[in-house]
Amino acid sequence: MRKKTRRAAVHLLAALVLAAWPLAGLAQHEKNQAGIGQLREKAWAEGRVQVIVHFTVPDIENLTADSTRFTGVDETPETALERSLADQVLAKTIEYASWRVLTELQGTDFEFVTGFDYIPYITLRVSPNALAVLENSPNVLDISEDLPRKLIDPPGPGGEGPKGGLSADEIRVDPLLDDTAALVGATAVWAMGYTGAGWYVAVLDTGIRKTHQFFTGKTIIEACRAMGRDGLPGAGDCPNGLAVMNGPGSAVHYPSTYDGFDHGTHVAGIATGNYGTLAGIAKGAGVIAVKIFSKFTAGDCGGSPCVSAWDSDILAGLNYVYSLRSAYKIASVNMSLGGGLYPNFCDSVNSSVKSAIDLLRAAGIATAIATGNSYSCGRISWPACISTSVSVGSSTKSDGDSSFNNWDSVTQRLYAPGSSIYSSTGDSDSSYASWNGTSMATPHVAGAWALLRQAFPTAGVTTLLTALRTKGKLIYSVCDGYNAGIPRIQIDKALQSLGSFILTIQRNNTWGTTTPAPGAYAYPPNASVSVTAVPQNYVQFNGWTGDATGTTNPVTVVMNRNKTIKAWYQYIYAPTASAKKVLNRSFSQAEYIDILTWQNSADNTGLTIASFKIYTVSGSTYTPLTTVNADQTTYSRRNAGEAATQYAIAAITSAGREGAPALVTAELD
């Protein structure tokens, strides 16, 4: 009953918003007439054209702001209810507003393809007369074509402009992903305790081979938005044969006969992989794998079957990620697709994708997009040229501009390594390969976001981007004569710049160490740092002093200010001991008895000795014989035999630590 009441309230609120929206006297909105002219020509030539329609929604700014203020996982039932209500009101108001557009089209030849819950766009397949209605509707803000977008093409052997072909540094020379993890400061951030654990990177790509060893133990959320080659709803290229699928198995990649089939597996590995000694940037993060690419024929692709993503499926994928923000801590979205070359920000090229990126950004989720591999100077690809995206170009491992990278001093925000990057592939569960491309650079940034969000859970996209840009290492390009540097990410420095306290770890002597090792470390405010005391053999850890006390090991230090802790160790000295062998004759029987005598070492002052442990010794082998109480100082071993026998006697502290042994030999005088 309560759910029905809430649902009715949502519909009522949406209806009230629409009722306040004047029907008459609306000014005609300016539309992209040049673009619409091209759509008109295509519609007349082919009978229909598929378009994405941006329509007016009353109070859309406030409704969106009310939804996006919920930027993380629902922490309480009350928060969940408020967030759900805000999301539903936004979605229902958008849905109701779309009906007005559809109502205007009655009597024309059109087909509804799909809508989107959180942004005011619908996809339609329209005839020339339906397109004319949309063009003249006061409810329509703009119209753009729904196009299939290819993966970012891999770099070829050469390119246009001054940059030329692949450099020697971009040709495989036994690379490891660990090289770039260290280069960008990820390994240093791991040492601070941040691996991206608890956070997710959303990879909108070709799917994922989730059984690959590089994703062992990871949580992988799967979904598919793939309408197929025809771009229509209903039947599609998802594993269930439809255009939409959620849940396990929905993001499985296509057969290897399709160029780019395992692109998403390689990208996800760079961002989050972790197996053996090889790890991606956010090695502890989970993956939200959304397959947005459909299968296209060899004729479509210029020689071999390939994959491409419709704009509508890109929007559907971004919309889906937004819908998950209350259930999963989503740090970033990774996209490596697009085309064209743009010398400036290209927000008006396709406003729908910008709206989706803006929606995610307002909720704290960054969208990292590859700039492209066309060897271009002064121009980057769409949608990386959208001003609110995080556009990522490729650098070499020696911090040069990758020759294939599309470069622009303004629209390219960041560099990350993208030359010769070794990661998982889709051939098998243990296959890896080195690839070049801005597609390989972008997941370095998406993974970096997961590390930074774990350290600063409430930090916005602008805050983190500023930190990465101001603390990155500047890389220069031949494009402008090595004049304007663009920062290559340096995650550890960015993290520290966001505000940190220093934890100084000390020890009183060299009889033990700590994990992390003794030294000074920077941590974000309120970080919980685990420090473990590691005593050597024959050494007892006696406790902490400074800003940690007691003997808890490991100890957790909460960094709400600069702190210093010291681990105290004490060597457990061997007792002073002696031994003799005696022959005892009684009742006509002979028996050899070994008599051991000892005293606790005076150097063990301050230690509580709980017992003494006695071993027989043969070479390097110590065989436990017995343990006696601490107040006992002698032990007799009967039937010890005539041969000399070696013993070891060691003090055992109340903490269970065993001290250095005293070696004695029992033999006849």
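The values are calculated or read from the model by the stated rules, or taken from the named source; none is laboratory data. All figures in this text were calculated on a predicted structure; none of them were measured in a lab. Quick reminder, even Gly has a Cβ in these numbers, built from the backbone with ideal geometry, and neighbours come from all protein chains shown.
Applying the condition of being closer than 15 Å to residue 582 by Cβ and in contact with a Phe, Trp or Tyr (Cβ under 8 Å, 6 or more places away or on another chain) to the range 606-646 and asking which residue is surrounded by the most Cβ atoms within 10 Å (Cβ to Cβ) yields 640.
Residue 255 passes every criterion in (1) without any contact (Cβ under 8 Å) to a residue 12 or more places away in the chain; (2) in contact with a helix residue (DSSP H, G or I) (Cβ under 7 Å, 6 or more places away or on another chain) apart from (2).
Go through the residues of the range 532-554 one by one and say whether even a single one is out of contact with any helix residue (DSSP H, G or I) (no Cβ under 6 Å at 6 or more places or on another chain) and closer than 30 Å to residue 473 by Cα. Scanning the range 532-554, I find no residue that is out of contact with any helix residue (DSSP H, G or I) (no Cβ under 6 Å at 6 or more places or on another chain) and closer than 30 Å to residue 473 by Cα, so the answer is no. Taken over the range 609-635, the criterion of being modelled with pLDDT of 95 or more and of a type in the set (Ser, Thr, Tyr) is satisfied by 611, 615, 616, 618, 621, 622, 623, 626, 627, 633, 634, 635. The condition of being out of contact with any Ser or Thr (no Cβ under 9 Å at 6 or more places or on another chain), crowded, with 20+ Cβ neighbours inside 10 Å and either within 30 Å of residue 519 (Cα to Cα) or assigned by TED's automatic domain parsing to the domain that holds residue 427 (or both) holds for only one of 227, 245, that being 245. When every residue of the range 72-95 is checked against the conditions, none turns out to be at pLDDT 95 or above, assigned to a loop (DSSP other than H, G, I, E, B) and of a type in the set (S, T, N, Q). Of all the criteria given as (1) surrounded by fewer than 23 Cβ atoms within 10 Å (Cβ to Cβ); (2) in contact with a strand residue (DSSP E or B) (Cβ under 9 Å, 6 or more places away or on another chain); (3) at positive phi, the one not satisfied by residue 276 is (2). For the range 118-131, taking the residues that are in contact (Cβ under 8 Å) with a residue 40 or more places away in the chain and part of a helix (DSSP H, G or I), the one that is surrounded by the fewest Cβ atoms within 10 Å (Cβ to Cβ) is identified as 128.
Report the residue count in the range 343-372 for those that are assigned to a loop (DSSP other than H, G, I, E, B) and over 24 Å from the mean Cα position of the chain (by Cα).
Start the filter on the range 343-372 by keeping residues that are assigned to a loop (DSSP other than H, G, I, E, B), which leaves 343-350, 363-365, 371-372.
In the following step, the residues that additionally are over 24 Å from the mean Cα position of the chain (by Cα) were identified as 343-350.
Count: 8.
Considering 46, 61, 75, 82, the condition of being over 33 Å from the mean Cα position of the chain (by Cα) and either of a type in the set (Asp, Glu) or assigned by TED's automatic domain parsing to the domain that holds residue 310 (or both) is satisfied by 46 alone. Taken residue by residue, the range 580-600 has no member that is polar (S, T, N, Q), surrounded by 13 or more Cβ atoms within 10 Å (Cβ to Cβ), closer than 28 Å to residue 550 by Cβ and out of contact with any strand residue (DSSP E or B) (no Cβ under 6 Å at 6 or more places or on another chain). Considering the range 206-224, the residues that are surrounded by fewer than 24 Cβ atoms within 10 Å (Cβ to Cβ), β-branched (Val, Ile, Thr) and part of a loop (DSSP other than H, G, I, E, B) include one that is nearest to the chain's Cα centre (by Cα), namely 219.
All of (1) in a loop (DSSP other than H, G, I, E, B); (2) touching a residue at least 24 places away in the same chain (Cβ under 8 Å); (3) loosely packed, with under 13 Cβ neighbours inside 10 Å hold for residue 655 with one exception: (3). Taking the criterion of being under 29 Å from residue 329 (Cα atoms), over 17 Å from the mean Cα position of the chain (by Cα) and either among the polar types (S, T, N, Q) or surrounded by 24 or more Cβ atoms within 10 Å (Cβ to Cβ) (or both), the residues of the range 427-447 that qualify are 430, 437, 438.
I'm trying to understand the selection: among the residues of the range 300-340, which are surrounded by fewer than 19 Cβ atoms within 10 Å (Cβ to Cβ) and under 25 Å from residue 437 (Cβ atoms)? Hits for the range 300-340 are 300, 301, 302, 303, 304, 305, 339, 340. The numbered conditions (1) over 23 Å from the mean Cα position of the chain (by Cα); (2) at pLDDT 95 or above; (3) small (Gly, Ala, Ser) are all true for residue 340 except (2). Can we say residue 63 is crowded, with 19+ Cβ neighbours inside 10 Å, closer than 19 Å to residue 360 by Cα and at pLDDT 95 or above? Yes; evaluated as a whole, the condition is true for this residue. Apart from one condition, residue 86 fits all of (1) over 28 Å from residue 228 (Cα atoms); (2) touching a strand residue (DSSP E or B) at 6+ places or on another chain (Cβ under 9 Å); (3) of a type outside the set (Asp, Glu); the exception is (2).
In the range 96-134, how many residues are of a type in the set (Ser, Thr, Tyr) and either under 35 Å from the mean Cα position of the chain (by Cα) or modelled with pLDDT under 95 (or both)?
4
Taking the criterion of being touching a residue at least 60 places away in the same chain (Cβ under 8 Å) and exposed (fewer than 15 other Cβ atoms within 10 Å of the Cβ), the residues of the range 485-518 that qualify are 502, 508, 509.
Test residue 250 against the stated conditions and say whether it is hydroxyl-bearing (Ser, Thr, Tyr) and in contact with a Cys (Cβ under 6 Å, 6 or more places away or on another chain). Spelling it out, residue 250 is indeed hydroxyl-bearing (Ser, Thr, Tyr) and in contact with a Cys (Cβ under 6 Å, 6 or more places away or on another chain).
Each row is one residue, and each column tells you yes or no for (1) in a helix (DSSP H, G or I); (2) touching a residue at least 24 places away in the same chain (Cβ under 8 Å); (3) under 11 Å from residue 647 (Cβ atoms).
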residue	(1), (2), (3)
583	no, yes, no
592	no, yes, no
595	no, yes, yes
598	no, yes, yes
603	yes, yes, no
606	no, yes, no
611	no, yes, no
616	no, yes, yes
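Okay, residues lined up against (1) surrounded by fewer than 20 Cβ atoms within 10 Å (Cβ to Cβ); (2) over 28 Å from the mean Cα position of the chain (by Cα); (3) under 28 Å from residue 497 (Cβ atoms); (4) outside the structural domain of residue 603 (by TED's automatic domain parsing):
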site: 520; (1), (2), (3), (4): yes, no, yes, yes
site: 526; (1), (2), (3), (4): yes, no, yes, yes
site: 533; (1), (2), (3), (4): no, yes, no, yes
site: 537; (1), (2), (3), (4): yes, yes, no, yes
site: 550; (1), (2), (3), (4): yes, yes, no, yes
site: 556; (1), (2), (3), (4): yes, no, yes, yes
site: 564; (1), (2), (3), (4): yes, yes, yes, yes
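State yes or no: is residue 267 touching a residue at least 12 places away in the same chain (Cβ under 8 Å), part of a helix (DSSP H, G or I) and among the hydrophobic types (A, V, I, L, M, F, W, C)? Steps first, please.
Numbers: touching a residue at least 12 places away in the same chain (Cβ under 8 Å): yes; part of a helix (DSSP H, G or I): yes; among the hydrophobic types (A, V, I, L, M, F, W, C): yes.
The answer is yes for residue 267.
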